[in-house]
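Every number in this text was worked out from the coordinates using simple rules, so none of it is lab data. Every value quoted in this text rests on a predicted model; they were computed, and no experiment measured them. Positions of Cβ are generated from backbone atoms using ideal geometry, with glycine treated the same way; all protein chains shown enter the neighbour counts.
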Number of protein chains: 2
Amino acid sequence: MSTEDFTARARIREAAIKLFTERGMEKTSILDIAKEAGVSGGLIRHHFGSKDGLREACDAYVFDELVKFKEEVLAKGAANPGFVPTFDARQLLYRRYLGRAMIDGSEAAAAQFVEIVDETERYFREQGIDLPDPRGVAAALAAMTGGLMILQDHVARALGEEPGTNEAMLRMSAAAGHLFMNPLATTEVLEKAREALAAYQRKE
Amino acid sequence: MSTEDFTARARIREAAIKLFTERGMEKTSILDIAKEAGVSGGLIRHHFGSKDGLREACDAYVFDELVKFKEEVLAKGAANPGFVPTFDARQLLYRRYLGRAMIDGSEAAAAQFVEIVDETERYFREQGIDLPDPRGVAAALAAMTGGLMILQDHVARALGEEPGTNEAMLRMSAAAGHLFMNPLATTEVLEKAREALAAYQRKE
DNA sequence: TAGTCGACTACACGTACGTATAGGACCGTC
DNA sequence: GACGGTCCTATACGTACGTGTAGTCGACTA
């Protein structure tokens, strides 16, 4: 968050990011945002031109902030390939926004997805990680972490936790981390699945 | 798909499932569905009462079909815990519908999510799979596979494949399967992440 | 052959929402 | 101290969409 962020313009942006994330584009009206930000609907138009203009502004802002986060982490010397869980509330919000924007059909978000995949693939290469289809794995990974962001409230409810709380996110992140660190189950079932997959591929 | 599925009622349902899945609830109008099904808008009201009634009918139908699929697989003797990829186009569509419905705020879909988590957790127990937080892992797993379904078009585009094609789904499934079968990366980075996580937990 | 019922269409209604316009308050500049 | 620009509100307009109503057509039944 940059300085001087209590202008009406910033309040509108923050409100929009919040509501777009929670409800999605379509279910959020300009008046909803105006109410949340404590301004009139007309002011949103004044500052952002249209609802789509507001969306684009939110996209640009969020993606820019995410880049800043990434550079911050990089400056600390920790290589974060993107699938390692974070606990900063703001970054969490922005990542969730990104996921939601992908679903809502934002072109900027779609481009962002590709960029994440690029970056993850590059990371695999740099780290010398050997994979049968590095780009495929990178893309699947991006979709999976996206799913965690998008469906976090469902996860929380399934765990009997209050959605949005630290406890819920912590448990989810730990579980996701475990899944990435350890192969799932003994080989038996997965071997069977692998066989089915191979059979299907041969048949195609 | 049951018999006699070319009635207008069935066509409406199929069209609704298709469009709800592709565009989501809000972006799909009743007239869109009517056009896709080749009927008048009024007929939808006649059969389903309201848009929400139609949604509930679609939910019920899809979830029922998914149960049938599951039983079919079970009858073949293959224990499918839900995260093993499938290639049946219809099942794929329904799984994607489920993901979309979760996002669109369907209560039935939310219940379905919990049920999937229950089932996966039970599966872990039955298979004697030892996990630090079985339910947490089950929930994370459900969210991840949900992400794969929901964001499959983004994955396809990132891979340079045409969204919805067999090639795209095959590559994605193979990559996801690989991720579940193998620990990601050497221990170095993940160990660092684990430490960060532990530090955070201690701080809380 | 008259009557009933379900399938289906056409069309009118209400409303929510994005957009457009007009105008007021405040602030700096010459 | 008049002027221009920016921030902001109030209100009106157009429209898309969900819903409600009236009515046609065909099939089945007595």
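General remarks:
- Total residues in region A:6-26, condition crowded, with 19+ Cβ neighbours inside 10 Å and either free of Cβ contacts under 8 Å to residues at least 60 places away in the same chain or within 12 Å of DNA strand D (Cβ to nearest atom) (or both): 6
- The residue pairs whose first member lies in region A:126-142 and is facing chain B (nearest Cβ under 7 Å), whose second member is among the acidic types (D, E) and in a loop (DSSP other than H, G, I, E, B), and whose beta carbons are closer than 8 Å, counting only pairs six or more residues apart or on different chains, do not exist in this structure.
- Residue check for A:L74: among the aliphatic types (A, V, I, L, M), within 14 Å of DNA strand D (Cβ to nearest atom) and not in a loop (DSSP other than H, G, I, E, B): no
- Members of region A:154-168 found to be more than 9 Å from chain B (Cβ to nearest Cβ), in a helix (DSSP H, G or I) and under 22 Å from A:D104 (Cβ atoms), listed by number: none
- Cβ-Cβ contacts under 7 Å between residues 6 or more apart (or on different chains), taken from a first residue in region A:27-56 that is within 14 Å of chain B (Cβ to nearest Cβ) to a second residue that is within 9 Å of DNA strand C (Cβ to nearest atom) and among the acidic types (D, E), are absent.
- Region B:41-67: number of residues that are away from DNA strand D (no atom under 16 Å from the Cβ) and either more than 17 Å from the chain's Cα centre (by Cα) or under 18 Å from B:R100 (Cβ atoms) (or both): 7
- Single unsatisfied condition, A:G42 versus (1) more than 9 Å from DNA strand C (Cβ to nearest atom); (2) in a helix (DSSP H, G or I): (1)
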